[in-house]
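Data first, discussion second: the structure below is written as structure tokens.
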Amino acid sequence: MTDLETRTERGTPGPRGALRRAAPALLGYAAVRALGLLALALWSAARDKSAYQLLTARWDSLWYTRVAELGYGYEVRLPDGDVHSNLAFFPLLPWLERLGAAVTPLSPADAGFVVSLLASLAAAWGIFAVAEHLYGRRAGVCAALLWAVLPVAVVQSMAYSESLFTALAAWSLYAVLTGRWVTAGTLAALAGLTRPVGLAVAAAVWVAAVAPFVRSRSGAGPDGARGPEHAPGDGARRVLGMLLAPLGAAGYVLWVGHRTGGGPLGYLDVQAGWRNGFDGGAAFARFVAGKFTSLPGALAGVGLIAGVALLVWLYAVCVRRRQPLALLTYSGLVVVLALCASSYFGSKPRLLLPAFPLLLPLAVALAWARTSRSAAVLGGLAVVSAVYGAFWLNGSGPP
């Protein structure tokens, strides 16, 4: 593993140099996503569907667009008594959609698509930056490409908030690793305005900021940040970053509670209207167990169990290899919140998209392999991801 203290002493290249270093990762990421969009276009055309509509005007993207166009307060009352309120959707993406529609000829839906495309590139760059900082440039490229070839990576190109959130989270974590505490806190606050899981970013900032003082050590800690003796005033910046980090998520949740009259926890009532909640994974366990009532379902159940086991194994590898505490905190919370929520089970794969630190051990392994072997693996995964994404998005349920 590259020595983090040595990396800190070298300094950080300027924006132009950083972009030049990230260029292979960004070009590779763009190529993989272009392949995915091409596969989606061909598959959708064969089914007489609009690929662009699938990306911009279905499921959650419609709710974000309604917030951008009408503001908050729209709700749908279902025959079973459930109330689907657009207050469940955090505001940063709709704000950007409204801004894009105001300053360009684009509609809010079109603006949302553009935001997601740009944010996905920013996310790939942030993932590259984190991996390069820890393990070197080659691992950074592999990490960005692994994120691009995930089975549900097509969501990265949808007018959803996953790409925007991952970009903010990745760059916030990079700021933590490089000791930029105010930047880390600001980006964590923006991530908190994007999705409820933004609290995982805030928690990562807090843990990384407090841990060195708890251990009473100086110098570079396992969070990769500089110690107080290398940066005068570092303690004050840490505190400011900690104060900023939770403001986005906490501010929106409190505002929803005030608007609905439900108090500080009123947002939970809004989520309950969508049948979303945190039950420790009981509902997901029952869902998986229910798959074993038939042979085809049993195969799906085995696949789900294998997927969860893979997540646990990857996290254990991250712990064993002493991944920075900020990354462990963040990815652990993202996985727990995704798997232990009683939400729509088909959405769980996309809820795991932001947990990119789990990919870093795989990225390191690919970086150590021969270039031809790494290229073959990533190329094969890109094809599988493109085909599966086209099939998945053309299905009946929301991703």
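The values are calculated or read from the model by the stated rules, or taken from the named source; none is laboratory data. Bear in mind that the values here come from a model prediction, so they are computed numbers and not experimental data. No Cβ is skipped: glycine too gets one built from the backbone with ideal geometry, and neighbour counts run over all protein chains shown.
Values for this structure:
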{"read-out": "Given (1) surrounded by fewer than 22 Cβ atoms within 10 Å (Cβ to Cβ); (2) touching a residue at least 40 places away in the same chain (Cβ under 8 Å); (3) on the phi < 0 side of the Ramachandran plot, index of the condition Gly136 fails", "value": "(3)"}
{"read-out": "Among (1) aliphatic (A, V, I, L, M); (2) farther than 30 Å from Tyr74 by Cα; (3) at pLDDT 95 or above, the one test that Ala289 misses", "value": "(3)"}
{"read-out": "Among residues of the range 103-125, those that are more than 20 Å from the chain's Cα centre (by Cα) and either outside any helix (DSSP H, G or I) or closer than 21 Å to Tyr252 by Cα (or both), counted", "value": "4"}
{"read-out": "Given (1) free of Cβ contacts under 8 Å to residues at least 12 places away in the same chain; (2) surrounded by 15 or more Cβ atoms within 10 Å (Cβ to Cβ); (3) not β-branched (Val, Ile, Thr), index of the condition His258 fails", "value": "(2)"}
{"read-out": "Per-region count, the range 364-381, residues farther than 18 Å from Gly140 by Cβ and either surrounded by 13 or more Cβ atoms within 10 Å (Cβ to Cβ) or within 23 Å of the chain's Cα centre (by Cα) (or both)", "value": "1"}
{"read-out": "Conditions (1) on the phi > 0 side of the Ramachandran plot; (2) in a helix (DSSP H, G or I); (3) among the charged types (D, E, K, R): number failed by Lys348", "value": "(1)"}
{"read-out": "Check on Gly248, in contact (Cβ under 8 Å) with a residue 40 or more places away in the chain and either outside any helix (DSSP H, G or I) or over 26 Å from Asn86 (Cα atoms) (or both)", "value": "no"}
{"read-out": "Check on Gly100, in a helix (DSSP H, G or I), in contact with a Phe, Trp or Tyr (Cβ under 7 Å, 6 or more places away or on another chain) and over 16 Å from Val154 (Cα atoms)", "value": "no"}
{"read-out": "Options Leu187, Leu134; residue that is closer than 19 Å to Pro15 by Cβ and in a helix (DSSP H, G or I)", "value": "Leu187"}
{"read-out": "Residue within the range 313-320 that is modelled with pLDDT of 95 or more, buried (at least 19 other Cβ atoms within 10 Å of the Cβ) and not in a helix (DSSP H, G or I) present", "value": "no"}
{"read-out": "Filter result (part of a helix (DSSP H, G or I), over 21 Å from the mean Cα position of the chain (by Cα) and surrounded by fewer than 19 Cβ atoms within 10 Å (Cβ to Cβ)) within the range 38-72", "value": "Leu38, Ala41, Leu42, Ala45, Ala46, Tyr52, Gln53, Arg66, Glu69, Leu70"}
{"read-out": "Failed condition for Ala203, given (1) at pLDDT 85 or above; (2) touching an Asp or Glu at 6+ places or on another chain (Cβ under 9 Å); (3) not hydroxyl-bearing (Ser, Thr, Tyr)", "value": "(2)"}
{"read-out": "Every pair of residues 6+ apart whose Cβ atoms lie under 7 Å, when the first sits in the range 277-292 and is under 22 Å from Ala88 (Cα atoms) while the second is hydroxyl-bearing (Ser, Thr, Tyr)", "value": "Gly277/Ser342; Asp279/Ser342; Ala283/Ser342"}
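A quick yes/no check of all residues on (1) surrounded by 14 or more Cβ atoms within 10 Å (Cβ to Cβ); (2) in contact with a strand residue (DSSP E or B) (Cβ under 7 Å, 6 or more places away or on another chain); (3) at pLDDT 95 or above:
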residue	(1), (2), (3)
Gly36	yes, no, yes
Tyr74	yes, no, no
Pro79	no, no, no
Phe90	yes, no, yes
